[in-house]
Amino acid sequence: MPSIAEELLPETRRALLHRLATGQVDGRAPSMVAAVVRDGRPAWIGGRGTVDDGAVPDGDVQYRIGSITKMFLAVLVLRLHDEGRLALTDPLDTHLPGTAAGRATIGGLLAHTAGLAAETPGPWWERTPGTLRPGLADVLGDDPQVLPAGTRHHYSNPGFALLGALVERIHGQAWAEVLHARVLAPLGMTRTTLLPVAPHASGWAVHPWADVLLPEPAVDAGAMAPAGQLWSTAADLARFTAFLIDGDERILSRDSLVRMREPASPPEAATWDTGYGLGTQLLRRDGRLLSGHTGSMPGFLATVWISADDAVGAVVLANATSGPAVAWIAADLVKTVAEREPRIPAPWRPLPAVDPRVLELAGPWYWGPAPFVLRPLADGFLSLTSLPAGGRGTRLRPAGDGGWVGLNGYFAGERLRVVRDAAGAVSHLDLGSFVFTRQPYDPAAPIPGGVDPAGWRAG
């Protein structure tokens, strides 16, 4: 188990335990375990109820994590993108020919916008052996397209079976082996496995009207395993949660990690507070944007949420088919720590180094009469902020050719060009045809529509 971060205040720990305890009782879960991550390490781990040996679960007990598996697959696919081995706009046929979903793009599969069926042809794959569906044709059926591609979010478990097969085709080895080598081993996740390894919890269904249990089958999902097969622990998922917050360039580029938690598909009209990124669910709750994933398999429920702004994450695992509101419990654990013990920022320090040609871009700029400020950042990026805040600002990364590319907001994907005069001095900035000048409507700059030669005047 990873070492515990700086200890939380006693009243915060009690509030976390109280939320876990009430969640276990209200949801009638045989057992529940949770972890909170802060500063890259677990800040708290707690368990309630008992597992098969009669012990209260700790951070080392395995539970099935269901669709949290999809986040791990997304990391593998995005790493292939980082390595230049595929593009998210590539049709699946480019890398995995011969399936009934070959026109689906890789990005569409990650974001569940490919329009594929939600489930496999019957029987329900989560309670039946994967040997019933030995190949991708058995997972997809004859016509898996149920909606036009790219028009809406439609969750598809078979879509992630395809992504698992894609990873296997490109790497030439089983997706679980790739996952172990590329993600689990580097992060020290020794207790995350394809099949259960003791100690692990058994999965149960709880009768809706009586406090009695029914054991659930724990099948090997075969070709559908990339959609929800993995078993893990609160301590292992705490390591993965820390990665989702802080990143690790050994695993995935920072740009791709950030992209995972950006909306990649439209929400339902009635649920504007939820969305989906690239293999990652999004939730807006209590004014806080959470990203992560929920998971369910017969006998188990799981959730991982992070708040990147607060640098806090939470994991909740339970061994019940339904009942425990693990998604809301995990969100409440994040809120408890973030609000009771808000993040203390790192000390301000001057930039270690800055290119003089970048430094001369710092300061106020004007789009027409609207003021903005441009600042070099410690990571080599730029921040463009409107004054007052709330306008069309963006973060920009260097493009490698003297220009920059917007990463978020209105200017996401747009190029910023630094335009210099004949003497080499900066004349103006051009950001997606928006001209930024050092003074409002600078007549010396190519202002669209020109500037009245009489200049500014009194009313």
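The values are calculated or read from the model by the stated rules, or taken from the named source; none is laboratory data. Predicted model only: the values in this text are computed from it and were never measured. Because the Cβ atoms are built from the backbone with ideal geometry, glycine has one as well, and the counts that use them run over all protein chains shown.
Overview of values
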{"quantity": "Single residue of the range 38-48 satisfying the filter (out of contact with any Lys or Arg (no Cβ under 7 Å at 6 or more places or on another chain) and either crowded, with 21+ Cβ neighbours inside 10 Å or without any contact (Cβ under 8 Å) to a residue 24 or more places away in the chain (or both)) that is farthest from ARG340 (Cα to Cα)", "calculated": "GLY47"}
{"quantity": "So GLY135, is it loosely packed, with under 14 Cβ neighbours inside 10 Å, touching a residue at least 40 places away in the same chain (Cβ under 8 Å) and assigned by TED's automatic domain parsing to the domain that holds GLY299", "calculated": "yes"}
{"quantity": "Count - residues of the range 183-205 that are among the aliphatic types (A, V, I, L, M) and either outside the structural domain of VAL51 (by TED's automatic domain parsing) or assigned to a strand (DSSP E or B) (or both)", "calculated": "1"}
{"quantity": "Strands (runs of 3 or more DSSP E) contained in the range 363-459 and holding at least 1 residues within 30 Å of GLY277 (Cβ to Cβ) and not aromatic (Phe, Trp, Tyr)", "calculated": "370-376, 382-386, 394-398, 404-406, 415-420, 426-431"}
{"quantity": "Scope the range 397-409; condition surrounded by 15 or more Cβ atoms within 10 Å (Cβ to Cβ), within 19 Å of ARG261 (Cβ to Cβ) and either touching a residue at least 60 places away in the same chain (Cβ under 8 Å) or not β-branched (Val, Ile, Thr) (or both); matching residues", "calculated": "ARG397, GLY406, LEU407"}
{"quantity": "The range 69-87 - residue that is touching a residue at least 60 places away in the same chain (Cβ under 8 Å) and in a loop (DSSP other than H, G, I, E, B) and, of those, farthest from the chain's Cα centre (by Cα)", "calculated": "ARG85"}
{"quantity": "Hits in the range 51-89 - residues which are under 16 Å from TRP175 (Cα atoms) and aliphatic (A, V, I, L, M)", "calculated": "ILE68, MET71, LEU73, ALA74, VAL75, LEU76, VAL77, LEU78, LEU80"}
{"quantity": "Pair list, Cβ < 7 Å and 6+ apart or interchain, from the range 330-357 residues that are in the same structural domain as GLY23 (by TED's automatic domain parsing) and within 30 Å of ALA318 (Cα to Cα) to residues that are at pLDDT below 90 and outside any helix (DSSP H, G or I)", "calculated": "none"}
{"quantity": "Failed criterion for LEU213 (all others in (1) buried (at least 19 other Cβ atoms within 10 Å of the Cβ); (2) more than 24 Å from ALA43 (Cβ to Cβ) hold)", "calculated": "(1)"}
{"quantity": "Of residues in the range 50-86 being closer than 13 Å to SER232 by Cβ and either of a type in the set (S, T, N, Q) or outside the structural domain of ALA29 (by TED's automatic domain parsing) (or both), the one surrounded by the most Cβ atoms within 10 Å (Cβ to Cβ)", "calculated": "THR69"}
{"quantity": "Complete set of residues in the range 232-279 that are closer than 30 Å to PRO196 by Cβ, of a type in the set (A, V, I, L, M, F, W, C) and in a loop (DSSP other than H, G, I, E, B)", "calculated": "ILE251, LEU278"}
{"quantity": "Long-range neighbours under 7 Å by Cβ, at least six apart or interchain, first residue at positive phi and assigned by TED's automatic domain parsing to the domain that holds ALA55 within the range 26-37, second at pLDDT 95 or above and in a strand (DSSP E or B)", "calculated": "ARG28/VAL206"}
{"quantity": "Verdict on GLY222 being surrounded by fewer than 17 Cβ atoms within 10 Å (Cβ to Cβ) and on the phi > 0 side of the Ramachandran plot", "calculated": "no"}
{"quantity": "Single unsatisfied condition, LEU384 versus (1) within 30 Å of PRO263 (Cβ to Cβ); (2) aliphatic (A, V, I, L, M); (3) at pLDDT below 95", "calculated": "(3)"}
{"quantity": "Any hit, the range 164-187, residues being surrounded by 15 or more Cβ atoms within 10 Å (Cβ to Cβ) and touching a strand residue (DSSP E or B) at 6+ places or on another chain (Cβ under 6 Å)", "calculated": "no"}
